[in-house]
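Please treat every number below as a calculation from the coordinates, not as lab data. Everything numeric in this text was worked out from a predicted model, so none of it was measured. We place every Cβ from the backbone using ideal geometry, glycine too, and count neighbours over all the protein chains shown.
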Amino acid sequence: MDSIRIRGGRPLNGVIPISGAKNAALPLMAATLLTADTLTLLNLPHLVDITTMANLLASHGVFMHMNGNAKAQGCGGRVLELTTRDITNTTAHYDLVRKMRASILVLGPILARMGQARVSLPGGCAIGARPVDLHLKALEQMGAVIGIDGGYVDARVEGRLKGAHLVFPQVTVTGTENLLMAATLAEGETIIDNAAREPEVADLANCLVAMGAEISGIGSSRLVVQGKESLHGATHSVLPDRIEAGSYAVAAAITRGRVLLQHADATHMAALIKVLIAAGVEVTVQEDGILVDAAGRTLKGVDVMTEPHPGFPTDMQAQVMALFATAEGASMMTETIFENRFMHVPELKRMGANINIHNNSAIVRGVDALSGAPVMATDLRASMSLVLAALAATGETTIARVYHLDRGYERLEQKLAACGAEIERLRD
Ligand code: UD1
């Protein structure tokens, strides 16, 4: 397995282009299952999770054509044309689903179009139980009959799904996306209350509207969908990745450097920007992106609590914890979304961080310097927090299990090296 070696202690300086958002691209790709026409996605990131979704979609009969990149449209990223003339197979097999929880996103669209779907349960996950019960209950409310058999969700409906008033007891991002897609082909009106307000949900909704869906309340916690008998093709550009941008904002801050996050959209990153400014980082929104400047600054710890959007994102908790491990004073990081999302803490401690966990909070007391060490992490964002700590640490850090990073960060080494980081991939 590949690893990454970093020699830390250099302030990052330069420009990092931000790719299309992984968490927007995945549901957008699944939306192809709703129409027989071609869906063209621009600004698609080049990531392992995108390949996993492509393999899953291919197993359902989706034809995909990679059509260069979208420089001509003013953004980078790849252009992917997806066509699902017919869904040739309504079963999503365990071998593909187990690789990525977001595979559950094919359930709503396949059931809505075919009246039946069989999708392997995603199973456990390093960052907590992460069940899909809320997806299933909501589909049942729309008339689906759902059974669990041999580790698979077996969903069927007579005729079309029926519009319903859905109230999610807890905010769920992929749950909202799954039901939103299903509702576009249902009979009548569906109301989704307590819908996730993440920008990626709005991006999906905007694409569905371009495909002929009728959706109001986009960006709010109440989505109202008038179901249609069919949708048509569309062209849609994936929004910039706010978590990738946030991670590189922390890279600039933790190394006390100065980096322009090109294409990043500050309107999606308000909670993180507020925390960075409170910590003493200068953040300037420019026409072409966000300039993050911590050169020569003394940073201090800030208390952070993760919440559904527009609150502070759980997907930035580990990275910001690395930052505060090197800031002055103490900060309390409280994780309210996932019950087991502090796996980076023991590894950060091995690099000299002073962190104590009390239930779902971590008290971080800043130290003068972190020191390099061999480390590894068990999920994507935790791995990134170790990369960030390594960029600031004295000496050399080797981060094992790079495949986690490849799931969510496109050209990580190249982007960081272009700003002066001493980073290399060691191939096994
Ligand atoms: C999505 C993101 C992930 C992010 C998370 C929270 C994608 C592909 N992934 O994951 O990066 O960390 O949102 O912002 O977009 N829950 C249930 N039952 C359900 C569904 C969820 O109990 O049926 C719970 C989960 O265990 C968790 C919470 O609800 O505690 C939020 O999870 P959810 O928003 O569904 O996360 P994902 O959509 O899987």
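Over the alpha-carbon set of the stretch 169-302, work out the extent along each principal axis and list the three values in angstrom, largest first.
Principal-axis extents of the stretch 169-302 (Cα, largest first): 60, 33, 17 Å.
G151: net charge of surrounding residues, Cβ under 14 Å, Lys/Arg +1, Asp/Glu -1, itself excluded?
My count for the surroundings of G151 gives -1.
With the dipole of the chain worked out from charges on the C-beta (+1 for Lys and Arg, -1 for Asp and Glu) around the Cα centre, which of I191, L416, I290 lies farthest toward the positive end?
So the residue furthest toward the plus end is L416.
Report the residue, chosen from N356, N43, N178, that carries the largest GNM mean-square fluctuation when the chain is represented by alpha-carbon nodes joined by springs under 10 Å.
Most flexible of the set in this elastic network: N356.
Report the residue, chosen from L82, L96, L161, that carries the largest GNM mean-square fluctuation when the chain is represented by alpha-carbon nodes joined by springs under 10 Å.
Looking only at L82, L96, L161, the biggest GNM fluctuation is shown by L96.
Work through the residues other than I273 whose Cβ is under 12 Å from its Cβ and net out their charges, Lys, Arg +1 and Asp, Glu -1.
Computed value for this residue: 0.
Straight distance only, please: which lysines reach the Cα of K228 with their own Cα at less than 21 Å, same-chain residues fewer than 8 apart left out?
K162
Arranged from highest to lowest average of other beta-carbon atoms within 10 Å per residue, in what order do the peptides 399-407, 242-250 appear?
Most protected by this proxy first, the peptides run 242-250, 399-407.
Name the residue from A144, L34, I355 whose Cα lies farthest towards the positive end of the charge dipole of the chain, charges +1 on Cβ of Lys and Arg and -1 on Cβ of Asp and Glu.
Positive-end residue among those listed: I355.
Once both axes come from the Cα atoms, what is the angle between helix 48-59 and the longest principal axis of the chain, in degrees from 0 to 90, rounded to 10?
Once rounded, one gets 10 degrees.
List the residues, sorted by chain then number, that are 5 or more residues from T91 or on another chain and whose placed amide H is less than 5 Å from its amide H.
Counting only residues 5 or more places away or on other chains, the set is R118.
Relative to 2.2 N^0.38 Å, what does the C-alpha radius of gyration of the stretch 83-227 come to as a ratio? Two decimals please.
0.97
Per DSSP H run of n ≥ 4, the term is -39500 (n - 2.57); total these for the chain, divide by its residue number, and report the mean residue ellipticity at 222 nm rounded to 500 deg cm²/dmol.
-8500 deg cm²/dmol
Quick check: the angle from helix 173-184's long axis to the longest principal axis of the chain, C-alpha only, nearest 10 degrees?
Compared with the principal axis, the helix lies near 20 degrees.
Given H placed on each backbone N at 1.01 Å, which residues far from E187 in sequence or on other chains put an amide H within less than 5 Å of it?
For E187, the qualifying residues are L161, K162, G163.
In whole Å, what three semi-axes, largest first, describe the equivalent ellipsoid of the chain built from its Cα gyration tensor (square root of 5 times each eigenvalue)?
The three semi-axes for the chain are 38, 22, 20 Å.
Could you tell me which of the pairs K99/K274; K99/K137; K300/K415 are separated by over 31 angstrom between their Cα atoms in the structure shown?
Among K99/K274; K99/K137; K300/K415, the Cα-Cα distance tops 31 Å for K99/K274.
Could you list which residues have their amide H under 5 Å from that of Y152, counting only those 5 or more apart in sequence or on another chain, with H placed in the peptide plane?
Those lying under 5 Å, H to H, from Y152 are L121.
Which of the listed residues, V62, A25, A253, is farthest toward the dipole's positive end in the chain, when Lys, Arg count +1 and Asp, Glu count -1 at the beta-carbon?
So the residue furthest toward the plus end is A253.
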